[in-house]
Amino acid sequence: MSTSTLQHGSAAEHGHDHEHGHHHDLPWYRKYVFSTDHKVISKQFMLSSLFFLFVGGAFALFIRWQLAYPGQAIPIIGDILPASWATNGVISPEFYAQLLTMHGSIMIFFVIIPFAVGMFGNFCIPLMIGTDDMALPKLNMWSFWLVPPAGLIMMAGFFTETGYAAAGWTSYPPLSAQTGLAKFTISGQTLWTISVFLVGFSSIMGAVNYVATVLNKRAKGMKLFDMPLTVWALFITAIIITLGTPVLAAGLAMLFMDNFLHTSFFLPDNLVTNSKYFGGGQPILFQHVFWFYSHPAVYIMILPLMGIVSDVMATFSRKPIYGYKAMVFAIAGIAFLGFIVWGHHMFQSGMNPLLGTTFMLSTIVIAVPSSIKVFNWLGTLWRGNIQFSSAMLNALAFVSMFIIGGLSGVFMASAPVDIYIHDTYFIVAHIHYVLFGGSLFGIFAGIYYWYPKMFGKMLNETWGRRHFFWTFVTFNLTFFPMHILGIGGHMRRIYDPNVYDFLKGLGGINETVTIGAIALGFSQLILVGNILWSMKWGKKAPRNPWKANTLEWAAPEHPGHGNFDMDITVYRGPYEFGVEGRQDDYWPQWEKGASVTVHHHTIAVADDTKTFGAH
Amino acid sequence: MSSALNLSHEPVTKIASGKLTMWAFLASELMFFSGFFGAFIVLRNSNYEVFKAGSEQLSWVLALVNTFILIGSSLTMALAIYHLERQNTKLFRAFMGLSILGGFGFLIVKYFEYSAKYHHHLFPGQEEHTIFFSFYFLMTGFHAMHVIGGMIPMAYMLFRSYGKGGYPYPVKVETLGLYWHFVDLMWIFIFPALYLIFP
Ligand code: HEM
Ligand SMILES: [Cu+2]
């Protein structure tokens, strides 16, 4: 049975190759719109994520304006806002809640995850394992094409009676389930639920494909432990998506039914509402289901970038990554532990305190693999020949900001401390140090690093550094003071801090944060400008501009459909820098040549001495 | 371009990529239904009486019939694969047709069950609806959608097999077969959970 299977399998692949041979004849919409080329799909993810980055960013600036200058009209654009958003230029409390919800949801589901997993997963995996495309290119294409409709559906909340969803990105019931509307009414919340369900499905479709690609399509000679950390991280992330996202989907399905059909999975008995329903549900159940996915999801949002940063750091330190295998096991360890810590979001929810203690312990244990990674990055830098390229600067920012975010995480992980800071701006500071300081700087590092291979042109380094400098400074100006606000008792998600006497003294900090945020937002225009400018006027990129070792740099300057113009066979691991006995300080994976390993040092030897290989 | 290069080689794991992807997807599906079962367990414990009353209102006979129909359909699916791999197009069509018929049979029985529920006012929003029936519609509803989701590609394969040379991709049928067995398996869990376990 299996032989016939394999034969047919290769026959099918043959047909596929045939298609490749004729790829010049593809109509334009198959080349640029409904393309199955992983590199085109990667660029599509990049484009849509950049677009949503600015949408989500604009929403954030509205929020910041209201917090720094409550009740004052928004300058310049205040007058042209729709009546459901603002009166006399001052945004309404209802719209403020919608802004918060949409900011968080867009940034997480339409920016960070599509950037980290969609864009880099698509671009890096096939190139770095030396193959022509994903295992199932059509499925890959559909995984992108679910994203724009999902985005439109979420944004369509604007046209409903109640406006956008307004229950926060976490969408806790009863607020999200009990809208007070009649059965079968489409509200912003309904659309939110459908939209997140769709992006989740898109993620799963991408992830199962990544898993098959990594397992099945590695170049000749490439063992699993010859894969760059970027691929490892994306592979493990794909497993988290495969196992975690469907659980969120199950929760969303129930929430949708509560919201749309008036079931009561998450609505308790005796809840006073203006519509009829039957009770018996539990609101905390939703929190469990939601965080069972959403804590692993924070690792979906950071693990790929941890991989990318490792590769960037090795290349620009001209040193092998310190503790390659430890790095792989740390990623796997984080992924596993990530599934058993979700309760740290629920210390204050009314959950059994004994459970709280359990979750506190498991959460603190995650600090161990996280620290292994940080120490190994430092070990990689140690005595390296460091080149401060734009990519490297962003990678360094990633590590340092992740340390701050991780440390505040450990604060919050201890239940007694969290009782004080839960639902304050301290949490907001934490999430932005890990998600912006971590993930987004990692994304920038990846963009600066792979842009030459993506577009065949070099990004402008000077502007790259300016972008980095302004982002780094204004990022810290924006988010560091939020720790202080949080310790000062400033709650998350409040419309007007001035109504609380004890927050009156914090107005200056709120203003500082807002000024920082505006500058941070505008700094990102440098990146977009650089990307667009370099696409047309950038220097032509050589094949291997950073003198790196991994397989994507074996591909032509601007690879077309099919990726490589030569046979790829892998002879060694991805991080052979500074090998003794070689002229160059790097040794690409695809270059023929023999070596021996003595005390963890690789020494190049002439081919005929290979038989003497010793340890 | 790549056909001359060594890049598109045999799958490293020796398992066809489509099949491997399907296995990963089924792991995902398993977690999806686990979400429902987890919620079911929690809310069943806090609404014991309601769940007991609810499951007594269901017809386990109809569900048992459906169980046999689905298992039969899984069997005919396996036979369809068996015969396609031996290039016996006629028997492939026969068994594929039977599998699809099984799917229809299942849905028809479901239709009768659902309409009985409607007449007894057990739908969401109707007077007799309880949290148990929320789960009933959630789990059987998503399961039925999975049945329909399997029948569409099955019908397509059957249709294609009337073209020249029959249906050319046994691997794809085998992959779909995995999915079909999974849908069957999920029913094997849903059936006792809703219909059989009287507290
Ligand atoms: C060292 C590792 C980390 C620890 C110990 C940790 C711990 C925590 C804890 C205990 C909370 C809940 C606080 C509360 O609501 O009272 C929290 C919230 C959060 N964390 Fe982390 N965290 C870590 C890393 C990360 C990473 C890497 C990310 C994302 C890339 C992340 C994203 C978030 C987000 C988004 C929230 C807020 C969720 C909400 O809206 O309520 N965390 N973290
Ligand atoms: Cu968490």
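Brief remarks on what is shown
- Candidate cross-link partners of residue B:164 among the lysines, defined by an alpha-carbon separation under 20 Å and a same-chain spacing of 8 or more, comprise B:90, B:172.
- Relative contact order, percent, segment A:104-196 [alpha-carbon distance under 8 Å, six or more residues apart]: 30
- Arranged from fewest to most other beta-carbon atoms within 10 Å of their beta carbon, A:185, A:474 become A:185, A:474.
- Fraction of C-alpha pairs exceeding 27 angstrom in segment B:22-196: 33 percent, rounded to a whole number.
- Placing +1 on the Cβ of every Lys and Arg and -1 on the Cβ of every Asp and Glu, with nothing else charged, gives segment B:22-196 a dipole about its Cα centre of roughly 700 debye.
- Fully extended contour minus Cα-Cα distance, from residue A:567 to residue A:504, at 0.36 nm per residue: 16.0 nm
- Between the listed residues B:92, B:41, B:151, the Cα displaced farthest toward the positive end of the dipole of chain B, a dipole computed from Cβ unit charges relative to the Cα centre, is found at B:92.
- For the pair segment A:396-450 / segment A:341-385, the C-alpha centres are spaced 12 Å from each other.
- Computed from Cα atoms, the angle from the helix B:131-160 axis to the main principal axis of chain B rounds to 20 degrees.
- Mean Kyte hydropathy of -1.0 or more with a Cα span along the axis of at least 30 Å, helices from DSSP in chain A: A:38-68, A:188-216, A:229-261, A:283-317, A:353-381, A:390-413, A:461-487, A:507-537
- Between segment B:133-188 and segment A:497-568, the alpha-carbon center distance in angstrom: 44
- Computed over chain B with a Gaussian network model linking Cα atoms closer than 10 Å, the most mobile of B:186, B:31, B:77 is B:31.
- Proxy reagent accessibility, fewest Cβ within 10 Å first, across A:584, A:567: A:584, A:567
- Relative contact order (percent, whole number), chain B, Cα cutoff 8 Å, 6+ residue spacing: 32
- 10 Å Cβ neighbours from other chains, averaged over peptide A:216-226: 3
- Dipole magnitude (debye, nearest 20) for segment B:1-101, charges at Cβ of Lys, Arg, Asp, Glu: 280
- With Rh defined as the Kirkwood radius, the inverse of the mean 1/r over Cα pairs, the Rg/Rh of chain A is 0.98.
- Take each residue of peptide A:257-270, count the partner chain Cβ atoms within 10 Å of its Cβ, and average: the result is 4.
- Peptide B:131-138 has a mean of 5 when you count, residue by residue, the C-beta atoms of other protein chains within 10 Å of its C-beta.
- Spin-label pair residue B:198-residue B:115: with each label point 7 Å from Cα along the Cα-Cβ axis, the two points sit 2.8 nm from one another.
- The modelled label-to-label distance between residue A:349 and residue A:411, using points 7 Å beyond Cα along the C-beta direction, is 2.3 nm.
- Comparing A:503, A:535, A:303 along the charge dipole axis of the protein assembly as shown, the residue lying farthest to the positive side is A:535, per the Cβ-charge model.
- Taking Cα centre as origin and charging only the Cβ of basic (Lys, Arg, +1) and acidic (Asp, Glu, -1) residues, the dipole magnitude of the protein assembly as shown rounds to 1160 debye.
- Restraint check, A:31/A:592; A:220/A:373; A:31/A:223; A:223/B:14; A:39/A:217, Cα-Cα greater than 23 Å: A:31/A:592; A:220/A:373; A:31/A:223
- Rounded to the nearest 500, the 222 nm mean residue ellipticity of the protein assembly as shown from helices alone is -21000 deg cm²/dmol, with -39,500 (n - 2.57) taken per DSSP H run of at least 4 residues.
- Simple spin-label estimate for residue A:25 and residue A:271 in nanometres, 7 Å along Cα-Cβ: 5.9
- Gain on full extension, evaluated as 0.36 nm per residue between residue A:585 and residue A:597 minus their Cα-Cα distance, stands at 2.7 nm.
- The order of A:302, A:340, going from fewest to most other C-beta atoms within 10 Å of their C-beta, is A:340, A:302.
- Reachable lysines, given that their alpha-carbon falls under 16 Å from the alpha-carbon of residue A:183 and they are not under 8 places away in the same chain: A:276
- The residue among A:602, A:129, A:334 whose Cα reaches farthest toward the positive pole of the charge dipole of the protein assembly as shown, with charges on the beta-carbon of Lys, Arg, Asp and Glu, is A:602.
- Under 17 Å from the Cα of residue A:536 - aspartates and glutamates, other chains or at least 8 residues apart: A:461, A:557
- Note on residue A:47 and residue B:91: with the Förster distance fixed at 60 Å, the Cβ-Cβ geometry gives a FRET efficiency of about 0.75.
- Rounded to 5, the percent of DSSP beta bridges in chain A classed as antiparallel: 75
- Potential lengthening between residue B:188 and residue B:107 on full extension [0.36 nm per residue; Cα-Cα distance subtracted]: 27.6 nm
- For peptides A:233-241, A:526-534, sequence by mean Cβ density within 10 Å, most packed first: A:233-241, A:526-534
Just so you know, all these numbers are worked out from the coordinates, no wet-lab data involved. Keep in mind that what you see is a predicted model, and the values were worked out from it rather than measured. Glycine gets a Cβ as well: all are built from the backbone with ideal geometry, and neighbour counts include every protein chain shown.
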